[in-house]
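Comments concern the structure below.
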Amino acid sequence: MKTFFMKKTAAVALAVAMAACSGNKAAKPAETESTEPTNTQTMNITKEAFGEYDGQAVERYTLTNNKGMTVKIITYGGAINEINVPDKNGNFGNVALGFDSLDGYRSPAFLRVNPYFGAIIGRYGNRIGDAKVTLNGQTYQLDVNDGKNHLHGGFKGFDKVVWKAEPIKGDNTVSLKLTYFSADGEGGFPGNMNVTVTYTLNDENQIVIDYEATSDKDTYCNLTNHCYFNLSANPANNIYEHQLTILADQFTEIDGTLIPTGKLIDVAGTPTDFTKPTAIGAHIEDDYPQIKLGNGYDHNWALRSTDGTLALAATAYEPTSGRVLEVYTVEPGLQFYAGNFLNGSFGRNGQMFGRRCAFCLETQHFPDSPNKPAFASSLLKAGETYKTQTIYQFSTK
């Protein structure tokens, strides 16, 4: 069985990431047995009820590492619900947007904005122009759910289904393996597709996300995660003071419907230049045509690393808390979205999520790549295996 886009195996890719992270040791793949940790915390995974959707029980799993970091994941949409990490003073806080019950994810106010909080996105993350793709001489009409375009898998993408979950506890890791069967024609895409997404938490304070998919027909596949981050752990604070670095010298120009034109624009001398740490709010309101079209930052950056090996893509730093987020990926692109369409009509624990209270760093193939031959292909051929990996690593300084 072939591997899609020459992705490295999870074990090899993770070892590369560890070597890049100041000498951190590589995490071991999850095992089925565990040993007692030597400190006061316990590597653990627990489950609780989280409601019901479409006649299926929804569960929330809490992954805890030996340092006390916790990650909560719900089976509805396979969504990251919370990420609790320490600040520079050792105080823990939740740096991800989500809700305390399923009702939040199903509320009319949330669904009108449809921000995909923390969810697995598929079959195709980001936009496809005119909601059409052509394969083997046949044109497929996809769900038209974003103006005239297709976005994030359609009306009922992977973010709005209940995933089957299998907890896995290892010596130095805890994992949640999620699986979903996507039937031929779902969202308009051809092929019966089996999808596996595994979240792993290790003692390097990393969330490792491994994606895998197979299809019985040629199709397109571009999976990602749509987590929203505010490293201050307080969504009452906007994200303007976060210092962002993106390892990319170009981004994909967009048209008025946010579809790439096919042209790459150099970031140098523009508000899109994050090659050095730059405050997100420094140029987000600049009078620059691409910023105006995106209503702020909502663009795909063409990453420097293009050979399919795991590499650092972006770093975010919040000065007050001292929290740092590093994003590693094997993907060629990164969508930086600054929460421009959050509107304060929903929230958590009485705290409403206002405009630009959080940001997304979505690893991906370029938007509309099925219709842009010059972009790296997102074609998944029948009988081959799609594999990709992204790591979110948290630290302080």
Amide H proximity to His299 below 5 Å, modelled H, separation 5+ or other chain, gives Phe336
Most exposed to least, judged by fewest other Cβ atoms within 10 Å, Lys148, Lys160 sort to Lys148, Lys160
Which residue, Gly118, Gly104, Gly269, has the most motion in a Gaussian network model of the chain that connects Cα atoms within less than 10 Å?
Gly269
Distant-in-sequence amide H partners of Lys164 (H built 1.01 Å from N, under 5 Å):
Thr179
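For Gln351 and Thr306, what is the calculated FRET efficiency with R₀ set at 35 Å and r taken between the beta-carbons, to the nearest 0.05? Don't skip to the answer; put the middle values down first.
Values: r = 40 Å, r/R0 = 1.14.
That gives a FRET efficiency of 0.30.
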Placing +1 at every Lys and Arg Cβ and -1 at every Asp and Glu Cβ, with all other atoms neutral, what dipole size does the stretch 3-396 have around its Cα centre, in debye to the nearest 20?
80 debye
Counting sequence-distant residues (5 or more places) and residues on other chains, those with an amide H built under 5 Å from that of Glu384 are Ser215
Quick one: what are the phi-derived ³J(HN,Hα) couplings along the stretch 103-118, Karplus 6.51/-1.76/1.60 with θ = phi - 60°, whole Hz, x for glycine and proline?
4, x, 6, 10, 5, x, 5, 5, 5, 5, 7, 6, x, 6, 3, x
Shape call for the chain from the C-alpha gyration tensor, a ≥ b ≥ c root eigenvalues: rounded (a/c under 1.5), prolate (a/b greater than b/c) or oblate?
rounded
By count of other Cβ within 10 Å, fewest leading, how are Ile168, Ile291 ordered?
Ile168, Ile291
Along Cα→Cβ, 7 Å out, is where each label goes; now give me the distance between the ones at Thr270 and Glu241 in nm to one decimal.
3.0 nm
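Could you work out how much longer the chain between Asp286 and Thr385 gets when fully extended? Use 0.36 nm per residue separation minus the Cα distance between them, nm to one decimal. Intermediate results must be reported in sequence, preceding the final value.
Values: separation 99, 0.36 × 99 = 35.64 nm, distance 4.27 nm.
Once the chain is fully extended between Asp286 and Thr385, it gains 31.4 nm.
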Test of understanding: ordering Asp171, Asp298 by Cβ neighbours within 10 Å, fewest first, what list do you get?
Asp171, Asp298
Using the structure shown, list the pairs from Lys132/Lys372; Lys47/Lys169; Lys67/Lys177; Lys276/Lys397; Lys263/Lys292; Lys148/Lys372 with a Cα-Cα distance above 19 Å, or answer none.
Lys67/Lys177
Quote to one decimal, in nm, the extra length available between Asp171 and Ala57 on full extension: 0.36 nm per residue of separation minus the C-alpha distance between them.
38.1 nm
Span from the the stretch 239-273 Cα centroid across to the the stretch 278-349 one, whole angstrom:
9 Å
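For a test of the definition: using alpha carbon positions, the gyration tensor, and the 1.5 limit on a/c, classify the stretch 212-335 as rounded, prolate or oblate. Please report the intermediate quantities before stating the final value.
On the way: a/c = 1.71, a/b = 1.26, b/c = 1.36.
Oblate, because a/c is 1.5 or more while a/b does not exceed b/c.
Quick one: plug the Kirkwood hydrodynamic radius of the stretch 132-207 (C-alpha pairs) into Stokes-Einstein at 20 °C, 1.002 mPa s, and report D in µm²/s. Before the final figure, lay out each step's value.
On the way: Rh = 14.7 Å.
Reported coefficient: 146 µm²/s.
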Phi angles of the stretch 329-341, converted by Karplus (6.51 cos²θ - 1.76 cosθ + 1.60, θ = phi - 60°) into ³J(HN,Hα) in whole Hz with x for Gly and Pro, give 7, 9, 7, x, x, 9, 8, 9, 10, 9, x, 5, 9
How many angstrom separate the Cα center of the stretch 149-212 from the Cα center of the stretch 118-132?
14 Å
Using θ = phi - 60° and the Karplus relation 6.51 cos²θ - 1.76 cosθ + 1.60, list the HN-Hα couplings for the stretch 265-272 in order, rounded to whole Hz, with x at every Gly or Pro.
10, 5, 6, 4, x, 10, x, 8
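Each reported figure results from applying straightforward, stated rules to the coordinates on display, with no laboratory input. Just so you know, these numbers come straight off a predicted model, no measurement behind them. Cβ coordinates were reconstructed from backbone atoms using ideal geometry, including for glycine residues, and neighbour counts include every protein chain displayed.
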